[in-house]
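Visitor: Quick one: this structure, given as structure tokens, is what I'll be asking you about.
The values are calculated or read from the model by the stated rules, or taken from the named source; none is laboratory data. Remember, predicted model here, so these are calculated numbers, not experimental data. When we count neighbours, we look across all protein chains shown, and the Cβ atoms used for this are built from the backbone with ideal geometry, even at glycine.
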Amino acid sequence: MSNDSKMEATEPVAIRYRIKQVLIGGLLLFLLGVAYGLFVKTTGLAIPCIFHLITGWKCPGCGVTRMCVALLQMDIRGAFYWHPMLLIQLPILGWIFFRNIIAYVKNGVCRLTRLENICVYICIALLLVFTVLRNLFP
Ligand SMILES: [Zn+2]
């Protein structure tokens, strides 16, 4: 039973289907992100942070939109200004993300390795420490 499902997952038809899934999903997400980034850049309006509205503190995600807009403009210094911790983590998280996308396309399974899990937990912990520090020492 498990051998049959493993063979099906690595058949060219199944792989082509997953490639199509990943490309269409990735393209839609990318276009949505670019559209939102252009909207924010041209209007100056953005989705407000509920956490910031209620507490007055910055949440771990505050500045991510502005960091992305800066990255779209190839402004690395600006991106670093808006969210330095996430910008530093981006290559690591991007590598984990793309390695798993490729594994999913090849095998139909997307599972983090032990090292990737450790990296993700460290990134989350650093992001939380960064959030506390940037609220205490703005
Ligand atoms: Zn926020």
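Visitor: For a quick check of your reading of the model, give me the residue pairs whose first member lies in the range 125-138 and is in contact (Cβ under 8 Å) with a residue 40 or more places away in the chain and of a type in the set (A, V, I, L, M), whose second is surrounded by 10 or more Cβ atoms within 10 Å (Cβ to Cβ) and part of a helix (DSSP H, G or I), with beta-carbon atoms closer than 9 Å and at least 6 apart or on different chains.
Guide: Listed by first residue and then by second, the contacts come to Leu126/Met85; Leu126/Ile88; Leu126/Gln89; Leu127/Met85; Leu127/Leu86; Leu127/Gln89.
Visitor: With the requirement that a residue be more than 9 Å from the ligand (Cβ to nearest atom) and out of contact with any Gly (no Cβ under 9 Å at 6 or more places or on another chain), what does the range 54-72 give you?
Guide: Ile54, Thr55, Gly56
Visitor: Against the definition (within 11 Å of the ligand (Cβ to nearest atom) and either touching a residue at least 12 places away in the same chain (Cβ under 8 Å) or of a type in the set (Val, Ile, Thr) (or both)), how does Gly37 come out, yes or no?
Guide: no
Visitor: Which fully enclosed helices (runs of 4 or more DSSP H) of the range 11-123 have 3 or more residues being of a type in the set (Val, Ile, Thr)?
Guide: It comes to 12-43, 50-55, 64-72, 84-107.
Visitor: Taking the options Ala14, Ala9, name whichever one is of a type in the set (A, V, I, L, M, F, W, C), within 27 Å of Cys119 (Cβ to Cβ), over 20 Å from the mean Cα position of the chain (by Cα) and more than 16 Å from the ligand (Cβ to nearest atom). Even if it seems obvious, please write down each step before you answer.
Guide: Details: Ala14 fails: within 27 Å of Cys119 (Cβ to Cβ).
Within the list Ala14, Ala9, the selection yields Ala9.
Visitor: Just checking, which of Val22, Val69 is among the β-branched types (Val, Ile, Thr) and either within 27 Å of Leu136 (Cα to Cα) or at pLDDT below 90 (or both)?
Guide: Numbers: Val22 fails: either within 27 Å of Leu136 (Cα to Cα) or at pLDDT below 90 (or both).
So the residue among Val22, Val69 that is among the β-branched types (Val, Ile, Thr) and either within 27 Å of Leu136 (Cα to Cα) or at pLDDT below 90 (or both) is Val69.
Visitor: A follow-up question, please. Looking at Leu29 and the list (1) at pLDDT 90 or above; (2) touching a Cys at 6+ places or on another chain (Cβ under 9 Å); (3) surrounded by 10 or more Cβ atoms within 10 Å (Cβ to Cβ), which single condition is not satisfied?
Guide: (2)
Visitor: For the range 40-51, give me the residue count where each residue is within 16 Å of the ligand (Cβ to nearest atom) and either β-branched (Val, Ile, Thr) or surrounded by 14 or more Cβ atoms within 10 Å (Cβ to Cβ) (or both).
Guide: 6
Visitor: While we're looking at this one, here's another question. Please enumerate the residues belonging to the range 56-74 that are surrounded by fewer than 16 Cβ atoms within 10 Å (Cβ to Cβ) and within 16 Å of Thr42 (Cβ to Cβ).
Guide: Passing the criteria: Leu72, Gln73.
Visitor: Pairs only if they're at least six apart or on different chains, beta carbon under 7 angstrom, first in the range 58-75 and farther than 22 Å from Ala125 by Cα, second among the small types (Gly, Ala, Ser); list them, first residue then second.
Guide: Val69/Gly37; Ala70/Gly78; Ala70/Ala79; Leu71/Ala79; Leu72/Gly37
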